[in-house]
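Everything on this sheet refers to the single structure shown next.
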Amino acid sequence: MLVVGITAIYAAGYDFNKFSGFAKQRYGVEAYNTTVELEQLLNQLKSASEADKLKEINNFFNRKVTYAEDIDVWGQSDYWASPLESIGREAGDCEDFSIAKYAFLKILNVSNDKLRLTYVRAAMPTPNGTVIRAHMVLSYYATPQSEPLILDSLVPDIMPASSRKDLTPIFSFNDKGLWVGNSTKPKSDASSHLSRWRDVLTRMQADGIE
């Protein structure tokens, strides 16, 4: 049985009561229980290493959210869901996994400077051969010059970018900037160029995530 007596605010910029309350109101008890399980995980990881934070948050969302196309979940060809929406629907596509992991690693005080949502070209095997598809992953940079680690919805293990020969980066972003290719310097502000990113940040804030 899940424990529900958890502190109202885990970290600056995250209101658990607001987040879990909306989960129950909009999606029901099962979604609420998932937010409680997530809050318990956050508390367990409070003093953990960044490696453990990456591993556990990656595993949590890969386990709790089933991959599905936006058209099947939202009736739209391209919709960026907030973490609350992904938990509520228990489904999402690559953007939704990456957004949720990004948001909750930030809540665990992993620096925003170390995290980027990265659009890539992914070589995906099919019965008829390899196809190239647009895909999104979350990249973690231990230092600005470090080779990034890749948190993915397709491959469960966190791996260095050099081990992911199937991925070719196009551009990456977070809530501070936008980078093109493998550049180490941001080109511009992401929210001014990516309307879906701006919209999902607004919904996240309304749900209790700054």
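Quick note: the coordinates plus some simple rules give every number you see, no bench work behind them. Note that the structure is predicted; figures quoted are calculated from it, not measured. Cβ coordinates were reconstructed from backbone atoms using ideal geometry, including for glycine residues, and neighbour counts include every protein chain displayed.
Close amide H contacts of R121 (hydrogens built in the peptide plane, cut-off under 5 Å, sequence separation of 5 or more or a different chain): T168, I170. Stretched out straight at 0.36 nm per residue, the stretch from A51 to I132 would grow longer than its current Cα-Cα span by 26.1 nm. log₁₀ I(q)/I(0) of region 78-207 at q = 0.11, 0.12, 0.14, 0.16 Å⁻¹, via Debye over equal Cα point scatterers, no solvent, to two decimals? The Cα Debye sum returns log10 ratios of -0.37, -0.44, -0.61, -0.80. For region 38-96, the direction-averaged projected area of the alpha-carbon convex hull comes to 4.0 nm². Okay, helix-only estimate at 222 nm for the chain: each DSSP H run of n ≥ 4 adds -39500 (n - 2.57), divide by all residues, round to 500 deg cm²/dmol; what do you get? When only DSSP H runs of four or more count, the value is -12000 deg cm²/dmol. Hey, if you drop one equal point scatterer on each alpha-carbon of region 129-183 and run the Debye formula without solvent, what base-10 log of I(q)/I(0) do you get at q = 0.21 Å⁻¹? Here the Debye-derived log intensity ratios amount to -0.87.
Along the positive direction of the dipole of the chain (beta-carbon charges: Lys, Arg +1; Asp, Glu -1; about the Cα centre), which of A31, Y140, A206 reaches farthest? Toward the positive end, the furthest listed residue is Y140. Candidate membrane-span-like segments in the chain, meaning DSSP H helices with Cα atoms spread over at least 27 Å of their own axis and a Kyte-Doolittle mean of 0.5 or above, do not occur, with no membrane implied either way. Shape index of region 1-140: Rg/Rh, with Rg the Cα radius of gyration and Rh the Kirkwood radius from the inverse mean 1/r over Cα pairs, equals 0.99.
This model, with +1 at the C-beta of Lys and Arg and -1 at the C-beta of Asp and Glu, gives the chain a dipole about its Cα centre of some 420 debye.
Counting only lysines at least 8 places from K176 when in the same chain, those with an alpha carbon closer than 16 Å to its own are K106, K114, K185, K187.
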